[in-house]
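Below is one structure, written out as structure tokens; comments come after it.
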Amino acid sequence: MTEAVRLDGITKRFPGVVANDDVTLSVERGTVHALLGENGAGKTTLMNVLYGLYEPTEGDVYVDGDGLTYDDEGAVADAPRRFDSPRDAIDAGVGMIHQHFMLVDPMTVAENITLGNEPRKWGGLAVDRAAAREAVLDLSERYGFDVEPDATIEDIGVGVQQRVEILKALYRGAEILILDEPTAVLTPQEVEDLFEVLEELTDAGKTVIFITHKLGEALEAADEVTVLRDGKNVGSVETAGTTREELAELMVGREVMLETETPPATPGAPTLTVDGVSANDERGVTAVDDVSFTVREGEVFGIAGVDGNGQSELVEVVTGLRKPTAGAVALEGTDVTDASRRARTRAGMAYIPEDRQERGLVMDFDLSENGVLGSQHDAPFAQGGRLDWTYADDHAADIIEEYDVRPPDATAEAKSLSGGNQQKFIVGREFARDPACIVASHPTRGVDIGSTEFIHDRLIDLRDEGRAVLLVSSKLDEVRGLSDRLAVMYRGRVVDVVDPDEVTEEQLGLLMAGEEPEDVPRADPVADAADATDGVAGTPPADDADAEVADD
């Protein structure tokens, strides 16, 4: 074995937290190495140490893209590296492709790849655009990438943008590539394309480390997997000799049910009706285009699609955070199109937001304060116009215990929690509202496997109790496994409603890309939205004058 990376006894401490605890990691040159672990296990922190974003509290970093050297006793002979910044790591041949791409949309592919390192002409007075274009073409052809150097970033797909990020790192001389959640915004076909790219890179001698929470992808794409738990390395295994179940148990420390048991649904009357809804995004461009569907009591209605195809704006219309330009929303037969977020909460709509920090929590509030958000004016939280803090504290403590929120302290500020624990607290608060309808937008984003299992089971329990669930998720296994009917959105429209038990991943991927595959198994037809809203009566739920406070 020839190591390209060796992290030896890495410890990284933050005030009150040990993110990495004496972690040793060895990555063989020319391989794909997956880094797995629960939320807060220390994966990203460890990679940030390797990339020079953090300096380790203890331990040594050894890097050589061509392979480390060893003395006669087998110890690493290379000197340890000290990276004071990502620039130092880049100079040492380490590149990192972040989950959220760092590209300039109006600029071309070639301009983005060479930005800051452009070839010059006329004695360095001007950028040599022709040389930049040739350099990008050469790189693209060398690694089998299909990238057009003159295309603008805003005109190419997400999968191609990711290739541009990889080419940008390669252009800067990267021999070791770190990919953070590289498949989060890709269709199944784009995921397969990415895996082919990784194979091309390793065949050329490059070394790849990627962070992922998806067990199946780690097993498919990686040669070896290292699992972190509570900041420690609890094991490294070759993918050829392990299973999803074994990896899940390593991650969580106990046996995990990876497949959610979903008995057949028995849908009842319409609960949530969306009829001909259109809406604009922040730029005034149509993001939701004439969308109609009905979610019935005792049913999970799923919406799948690549992020950015109108799902977020649709959810905001349904929950009262965005005004539609056309159409109507009804909850249990009452028109709530113009009702505020608070009014919809009072009418029985719970909401797990996509962005937990912007829409789900007040980060400077403690958990007791966050636990009453949206209900702070209502009994039993308010008595005689004043908050009952004893009840609020007990309510937060119940959520913390049931959902295993860490640290288990109702006085802890929301900003002190990891993202996964913030998400668990929001889910617990919304489920505790005893709602008629739950709008769950990416409910397990950033949540560990054990907590994901719990949240999935609870969603099915609520469905079986007769609640209506609108589930939006970019995780195909999640939205297929939980949904009774599954809609696919592309460019703001619902292109089809399919049977999640019968549709294939390939068919879903084509629908998500705007294509029409043959023989798609469609969901059983139900009364369409227009019929379901016939005779809608009643006034919108009562509203308070101050109900427009953001997310209440």
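Only the coordinates and a few stated rules stand behind these numbers; no lab work does. What you are looking at is a predicted structure, and each value in this text was computed from that prediction instead of being measured. Please note: Cβ atoms are built from the backbone with ideal geometry, for glycine as well, and neighbour counts cover all protein chains shown.
Some points to look at:
- Stretched out straight at 0.36 nm per residue, the stretch from residue 269 to residue 141 would grow longer than its current Cα-Cα span by 40.4 nm.
- Area projected by the alpha carbon convex hull of segment 1-117, averaged over all directions, nm²: 9.2
- Sorting 15-23, 277-285 by their mean Cβ neighbour count within 10 Å, with the most densely packed peptide first, gives 15-23, 277-285.
- Diffusion coefficient, µm² s⁻¹, Stokes-Einstein with Kirkwood Rh over alpha-carbon pairs of segment 48-185 at 25 °C and 0.890 mPa s: 148
- With kT/(6 pi eta Rh) evaluated at 25 °C and eta = 0.890 mPa s, and Rh the Kirkwood radius from Cα pairs, segment 361-432 diffuses with a coefficient of 207 µm²/s according to Stokes-Einstein.
- Hydrodynamic radius (Kirkwood) for the chain, which is based on Cα pairs only, to one decimal in Å: 25.4
- Assigned charges on the beta-carbon of Lys, Arg, Asp, Glu; the chain dipole about Cα centre (debye): 1420
- Cα long-axis angle, helix 158-171 against the chain (0 to 90 degrees, to the nearest 10): 20
- Cα shape, segment 440-494, gyration tensor, a/c 1.5 rule: oblate
- Packing-based ranking, highest mean first, of 213-220, 375-382, 460-467, 69-76 given that Cβ atoms within 10 Å are counted: 213-220, 460-467, 375-382, 69-76
- Stretched out straight at 0.36 nm per residue, the stretch from residue 433 to residue 411 would grow longer than its current Cα-Cα span by 5.8 nm.
- Per-residue extension of 0.36 nm, minus the Cα-Cα distance of residue 88 and residue 307, leaves a gain of 75.5 nm for this segment.
- Among the listed pairs 168/424; 206/424; 12/206; 232/415; 168/323; 323/475, those with a Cα-Cα distance over 32 Å are 168/424; 206/424; 168/323.
- When the inverse distances between all different Cα atoms of segment 75-127 are averaged and flipped, the Kirkwood radius reads 14.2 angstrom.
- Summarising the label geometry, the points placed 7 Å from Cα in the beta-carbon direction at residue 398 and residue 465 lie 1.1 nm from one another.
- Segment 262-348 shape via C-alpha gyration tensor axes, a/c threshold 1.5: oblate
- Eligible aspartates and glutamates near residue 121 by straight Cα distance, threshold 20 Å, same-chain separation 8 or greater: 111, 134, 138, 150
- Degrees between helix 449-464 axis and first principal axis of the chain (Cα, 0 to 90, nearest 10): 20
- Ordering of 132-143, 1-12, 234-245, 344-355 by packing [mean C-beta count within 10 Å, highest first]: 344-355, 1-12, 132-143, 234-245
- Once the Kirkwood radius over Cα pairs is known for segment 101-173, the Stokes-Einstein relation at 20 °C and 1.002 mPa s delivers a diffusion coefficient of 176 µm²/s.
- Based on Cα contacts under 8 Å between residues 6+ apart, the chain shows a relative contact order of 15 percent.
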